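Trainee: To start, I am sharing the structure in question, which I have written as structure tokens.
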Amino acid sequence: MRTEEDFKNGQVLLIDKPLEWTSFQAVNKLRWHIKQRFKIKKIKVGHAGTLDPLATGLLIICTGKQTKEINTYQGQEKEYTGTFTVGETTPSYDLETEIDETYPTEHLTEALLKETTKQFIGAIQQKPPIFSAIKKDGKRLYELARKGETTEIKSRAVTITEFEITNINLPKVDFRVVCSKGTYIRSLAFDFGKALNSGAHLSTLRRTKIGDFSVENATSIEGFIESLGERS
């Protein structure tokens, strides 16, 4: 069992973030239980890369002195699996907002879907979603989007090293992606739909790897709390 000193010296915790939790909520929950368990007032706890509330999977959480390594973990390659829904788009590019447009899908074939992935492999330019936490003029983009305000978003360079279609059951298309820091899978869904001469949005997402760390070795938030001898 980890001690107070262990957490202060630094721990790397692999957490399987549940659906609808923000990464911030997960960090706060773990920090609160660590403080409760050891009756301490303060300890550094932070995550190495945000996961959207509608995504599940691997969240690296660092404590104590290990928080100095957060940028190193954030910069590592990531793997995601999930599902695109083709023929429909949403303003947020995922299920956070309602469907705003529908498109034909009759022309979509397995061959076309798989061939289209090739357009996105390598170094590409990608625009982040308007519903994202990126700041512009001191405000988060999603704050502007929720007010109905529009703003110009600059594209950025990202790298996708692997992009494969793993299952097709139209309108659902399952995928696996390996990509660089800063890649938005929601934007990939939108751009993929556009390249298909249809539309698409992200309907499920799970982060499975960050560098050499795998979600297979992660624990649930409840499991971590139990390991402390606490109740969730």
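The values are calculated or read from the model by the stated rules, or taken from the named source; none is laboratory data. Values in this document were obtained by computation on a predicted structure and should not be read as measured data. Cβ coordinates were reconstructed from backbone atoms using ideal geometry, including for glycine residues, and neighbour counts include every protein chain displayed. Ligands, DNA and RNA are excluded from the accessible area calculation, which covers all protein heavy atoms including side chains. Shrake-Rupley method; radii C 1.70, N 1.55, O 1.52, S 1.80 Å.
Trainee: Mind giving me the FRET efficiency for Tyr103 and Ser220? R0 is 35 Å, r the Cβ-Cβ distance, nearest 0.05 is fine. All intermediate terms of the calculation are to be shown ahead of the outcome.
Mentor: Working: r = 38 Å, r/R0 = 1.08.
After rounding to 0.05, the efficiency reads 0.40.
Trainee: Hey, what D do you get for region 1-87 in µm²/s if you plug the Kirkwood alpha-carbon radius into Stokes-Einstein at 10 °C and 1.306 mPa s?
Mentor: Numbers: Rh = 13.9 Å.
Once the numbers are plugged in, D ends up at 114 µm²/s.
Trainee: I would also like to ask the following. How large is the dipole of region 1-121 about the Cα centre if only Lys and Arg carry +1 and Asp and Glu carry -1, each at its Cβ, rounded to the nearest 20 debye?
Mentor: Details: 16 positive and 18 negative charges, 323 e Å.
Computed charge dipole of region 1-121: roughly 1560 debye.
Trainee: Right, something else. Please give the helix 185-195 orientation as an angle from the longest Cα principal axis of the chain, in degrees from 0 to 90, rounded to the nearest 10.
Mentor: Long axis of 185-195 versus the principal axis of the chain: about 10 degrees.
Trainee: Would you work out what percent of the accessible area of the chain, with all protein chains in place, is carbon or sulfur (probe 1.4 Å)? Display every interim value, and only then the final one.
Mentor: Details: 5770 of 12280 Å².
Ligands and nucleic acids excluded, carbon and sulfur reach 47 percent.
Trainee: Relative to the longest principal axis of the C-alpha atoms of the chain, give the angle of the C-alpha long axis of helix 23-38, reported between 0 and 90° and rounded to the nearest 10°.
Mentor: In the chain, helix 23-38 runs at an angle near 10 degrees to the longest axis.
Trainee: In addition: What order do you get for 173-183, 69-79, 83-93 when each peptide is scored by the mean count of other beta carbon atoms within 10 Å, highest first? Kindly include the intermediate steps, with their values, before the conclusion.
Mentor: Details: 173-183: 18.9, 69-79: 16.1, 83-93: 22.1.
For the peptides 173-183, 69-79, 83-93, the packing ranking is 83-93, 173-183, 69-79.
Trainee: Provide the packing ranking of 104-115, 53-64, 29-40, i.e. peptides ordered by the mean count of other C-beta atoms within 10 Å per residue, highest first.
Mentor: Ranking the peptides 104-115, 53-64, 29-40 by packing returns 53-64, 29-40, 104-115.
Trainee: Put +1 on the Cβ of every Lys and Arg and -1 on every Asp and Glu Cβ in the chain; which of Gln11, Phe38, Leu108 then has its Cα farthest towards the positive end of the dipole?
Mentor: The residue sitting farthest along the positive end of the dipole is Phe38.
Trainee: At 1.4 Å probe size, with every protein chain present, just tell me what the per residue accessible area of the chain comes to in Å².
Mentor: Numbers: 12280 Å² over 232 residues.
About 53 Å² of surface per residue is accessible.
Trainee: Looking at (i) 22.1, 66; (ii) 17.2, 53; (iii) 19.2, 62, which value of Rg and Dmax of the Cα atoms in Å comes from a calculation on the structure shown?
Mentor: Only one option fits the structure, namely (iii).
Trainee: Still on this structure, please answer the following. Round to a whole angstrom and tell me the spacing of the C-alpha centers of region 72-133 and region 8-50.
Mentor: 30 Å
Trainee: For the chain, what is the relative contact order in percent, using Cα pairs closer than 8 Å and at least 6 residues apart in sequence?
Mentor: Numbers: 470 pairs, mean separation 66.6, N = 232.
The normalised contact order for the chain reaches 29 percent.
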